[in-house]
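Student: Structure provided below as structure tokens; questions to follow.
The values are calculated or read from the model by the stated rules, or taken from the named source; none is laboratory data. Owing to the predicted nature of the structure, the values given are computational and were not obtained by experimental measurement. Every residue, glycine among them, receives a Cβ derived from its backbone with ideal geometry; neighbour counts consider all protein chains shown. The area values use the complete protein model at the heavy-atom level, side chains included, leaving out ligands, DNA and RNA. Shrake-Rupley method; radii C 1.70, N 1.55, O 1.52, S 1.80 Å.
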Amino acid sequence: MANRIDSIELTQANGTWISLINSASVPGNSTSTLGGQIRSQFNIAGAEAASALFEALYFKDAAGAITRRGRITVKGGTPPADADVVEIGQNGQIFCNGAVFKGQTGISPSLQLFGNTNAGVFVNSYPYNKAGEPYTRRIMRIGASSSASQDIASISVAGGYTCRAGTGGIDNHDNAFNFNWLNSTLIAYIDSSNVGTIQMQSTCDAELKKNKVYVTDKMAALTEVLQWKPATFKYKARGILPESETKLSFIANDLAETSPETVKGEGISPGEDIHDNAVFAKSYILDKDAMIAKLTLALQATNQKLDKLQAEVQALKA
């Protein structure tokens, strides 16, 4: 069907302009049909500088499902710039050059991406409280996940996620947080400071484990534990973290020598800059589960010694 204008109405009474195309038959499946255009154009010295078109769109997919949209096409310039197209559908969808932003009734709005998203969808905004910076500063990228096993998009935020005091709390615009998954460890960052790892509850079900071997050398564990040296200390100020209060615990470097199973990490060498996040990432971390297991073995060894002494005492009394 050739596009044609069947009638144009400029009605002063109701303020409506109508550009109508009338089709004698219903369009077939997999067909997109446009109504009459209403055009607004701005020229400079007779040459088009900017224009916008509005037209109705009637679309039937391969199954015959009907979608009705209003299309706005913006173009212009010398040479003519590529046209940007925005379409608004009856179901609340907003289409913008291949991406679909869909608000769903009854639940929070969601973002759905269609078409080629390899380059990602970028959200630009004037930076909050950043006077003098460009108005179009990229703050978020939403792109295809790098893992073929995932059907979700990845979200990248340039500065970080704003800290806030829980749901409904006031945003703390002075600080942002990020997480990094590195060598099976979840690392937390506040602004640019690595503030430590997040210890999650370990699963312990036997069906999740293999190569299970019960440790029976209780005396060896007791010998190690007797060399452990509890200490008090303060953590140094580092990045956003102030100097800590006095702590009672262990020095991981000591345990790394006597009970290496209880310590994870590479360790920071003397003289390295602890303010460097790459250096801090090497720091030792105590494996509390391993320490508990070692202490359990030592306690069992001590109990065996007590049982033996009690038996000897009873024998002497007899």
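Student: Name every residue in the range 253-273 that is in contact with a strand residue (DSSP E or B) (Cβ under 6 Å, 6 or more places away or on another chain) and modelled with pLDDT under 95, in order of residue number. I'd like the intermediate steps shown before the answer.
Tutor: Looking only at the range 253-273, we keep the residues that are in contact with a strand residue (DSSP E or B) (Cβ under 6 Å, 6 or more places away or on another chain), and these are 255-256, 264-265.
Listed by number, the residues that qualify are 264, 265.
Student: Just checking, does the range 238-250 include any residue being assigned to a helix (DSSP H, G or I), of a type outside the set (Val, Ile, Thr) and open to solvent by 60 Å² or more (accessible area, probe 1.4 Å)?
Tutor: Of the residues in the range 238-250, the ones assigned to a helix (DSSP H, G or I) are none.
No - not one qualifying residue is present in the range 238-250.
Student: Go through the range 193-226 and give me each residue that's closer than 29 Å to residue 276 by Cβ and open to solvent by less than 100 Å² (accessible area, probe 1.4 Å). Reasoning before the result, please.
Tutor: Step one: list which residues in the range 193-226 are closer than 29 Å to residue 276 by Cβ, which gives 193-200.
Once the filter is applied, which keeps residues that are closer than 29 Å to residue 276 by Cβ and open to solvent by less than 100 Å² (accessible area, probe 1.4 Å), the range 193-226 yields 193, 194, 195, 196, 197, 198.
Student: Out of the residues in the range 254-282 that are outside any loop (DSSP other than H, G, I, E, B) and more than 34 Å from the chain's Cα centre (by Cα), state the one that is surrounded by the most Cβ atoms within 10 Å (Cβ to Cβ).
Tutor: In the first step, residues of the range 254-282 are kept if they are outside any loop (DSSP other than H, G, I, E, B); the result is 254-258, 260-264, 277-280.
Then keep just the ones that are more than 34 Å from the chain's Cα centre (by Cα); that gives 254-258, 260.
On the way: 254: 16, 255: 23, 256: 17, 257: 9, 258: 16, 260: 12.
Looking at residues that are outside any loop (DSSP other than H, G, I, E, B) and more than 34 Å from the chain's Cα centre (by Cα), I get 255.
Student: Moving on. Please give the number of the condition residue 313 fails out of (1) among the β-branched types (Val, Ile, Thr); (2) surrounded by 12 or more Cβ atoms within 10 Å (Cβ to Cβ); (3) in a helix (DSSP H, G or I).
Tutor: Of the numbered conditions (1) among the β-branched types (Val, Ile, Thr); (2) surrounded by 12 or more Cβ atoms within 10 Å (Cβ to Cβ); (3) in a helix (DSSP H, G or I), the odd one out for residue 313 is (2).
Student: Going by the conditions given, is residue 229 basic (Lys, Arg) and either open to solvent by 60 Å² or more (accessible area, probe 1.4 Å) or under 35 Å from the mean Cα position of the chain (by Cα) (or both)? Don't jump to the end; show me each part of the working.
Tutor: Values: basic (Lys, Arg): yes; either open to solvent by 60 Å² or more (accessible area, probe 1.4 Å) or under 35 Å from the mean Cα position of the chain (by Cα) (or both): yes.
Here the answer is yes, as residue 229 does meet what is asked.
Student: Let me ask something else. Output the qualifying pairs, or none if there are none: Cβ atoms under 9 angstrom, residues six or more apart or on different chains, first residue in the range 296-318 and within 21 Å of residue 215 (Cα to Cα), second residue open to solvent by 100 Å² or more (accessible area, probe 1.4 Å) and at pLDDT 95 or above.
Tutor: Here the result reads 298/226, each pair linking the range 296-318 to a residue that is open to solvent by 100 Å² or more (accessible area, probe 1.4 Å) and at pLDDT 95 or above.
Student: Out of the residues in the range 283-310 meeting the condition of being of a type in the set (Gly, Ala, Ser) and in a helix (DSSP H, G or I), tell me which one is surrounded by the most Cβ atoms within 10 Å (Cβ to Cβ).
Tutor: Keep residues of the range 283-310 that are of a type in the set (Gly, Ala, Ser), which gives 283, 290, 293, 298, 301.
From what is left, the residues that are in a helix (DSSP H, G or I) are 290, 293, 298, 301.
Details: 290: 16, 293: 15, 298: 20, 301: 18.
By that ranking, first place goes to 298.
Student: Scanning the range 7-31 for residues that are open to solvent by less than 70 Å² (accessible area, probe 1.4 Å) and either in contact with a His (Cβ under 9 Å, 6 or more places away or on another chain) or not β-branched (Val, Ile, Thr) (or both), which turns out modelled with the highest pLDDT?
Tutor: Ranking the qualifying residues of the range 7-31, first place goes to 28.
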